[in-house]
Amino acid sequence: MNIIDIIAKKRDKEILTKEEIEYFITAYTNGEVTDYQASALVMAIYLNGMNEREITDFTLAMAHSGEKLDLSDISKIIVDKHSSGGVGDKITLIVMPIIASLGVKVAKMSGRGLGITGGTIDKLESIPGYNVGLSIEEFKNNVKEIGISLIRTNWKFSTSR
């Protein structure tokens with residue numbers, strides 16, 4: 001299996017197998033697929049779409065490609081409000097406390113903004129004394145005790161694959 005064949009297959013409007021999708025994600029995250037090859041595949045996907053199974057396989061491959069933090073010892077249901085991008089970061093700081101106030105545990109990992117407006121972490125760090133550099137234990141304890149926590153994503157934690 002190789003990335004050139006996978007790109008060509010999607011370019012030609014064919015359906016990718018689960019194995020091809022997993023190969024791409026694994027090879028890209030390991031540095032075996034270049035950025036320009038990944039860009040070519042993403043463009044082919046954008047132009048030709050994916051069916052439901054491809055989308056599911058792609059999503060699961062992405063989810064299993066990185067490190068995971070196991071929060072199952074806190075609650076059976078824990079949610080994350082994931083960013084969809086945009087300017088201003090108006091949602092996270094409002095939605096997270098509302099969801100937590102309803103009794104649903106909210107655990108969010110967030111990174112720095114990519115643009116001039118900054119991200120959630122950038123905004124929170126501008127508040128004197130606000131700490132987004134929590135340890136994993138502090139983060140988990142906040143979720144357990146008060147139902148909500150937000151942490152900067154550059155922290156390392158063990159995987160639970």
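The values are calculated or read from the model by the stated rules, or taken from the named source; none is laboratory data. Everything quoted here is computed from the prediction, not taken from an experiment. Cβ placement follows ideal geometry from the backbone for every residue including glycine, while neighbour counts extend to all protein chains displayed.
So, Lys76, is that one assigned to a loop (DSSP other than H, G, I, E, B), loosely packed, with under 14 Cβ neighbours inside 10 Å and at pLDDT below 90 or not? Here the answer is yes, as Lys76 does meet what is asked. Is there a residue in region 57-67 that is over 30 Å from Thr120 (Cα atoms) and part of a helix (DSSP H, G or I)? For region 57-67, residues over 30 Å from Thr120 (Cα atoms) and part of a helix (DSSP H, G or I): absent.
Out of region 127-157, which residues are at pLDDT 85 or above and either of a type in the set (Ser, Thr, Tyr) or in contact with a His (Cβ under 9 Å, 6 or more places away or on another chain) (or both)? Selection gives Tyr130, Ser135, Ser149. Just one of the listed residues (Leu41, Leu69, Leu60) is in contact (Cβ under 8 Å) with a residue 60 or more places away in the chain and either surrounded by 13 or more Cβ atoms within 10 Å (Cβ to Cβ) or in the same structural domain as Lys140 (by TED's automatic domain parsing) (or both), and it is Leu69.
For region 1-38, filtered to residues that are outside any helix (DSSP H, G or I) and of a type in the set (Ser, Thr, Tyr), the residue that is surrounded by the fewest Cβ atoms within 10 Å (Cβ to Cβ) is Thr34.
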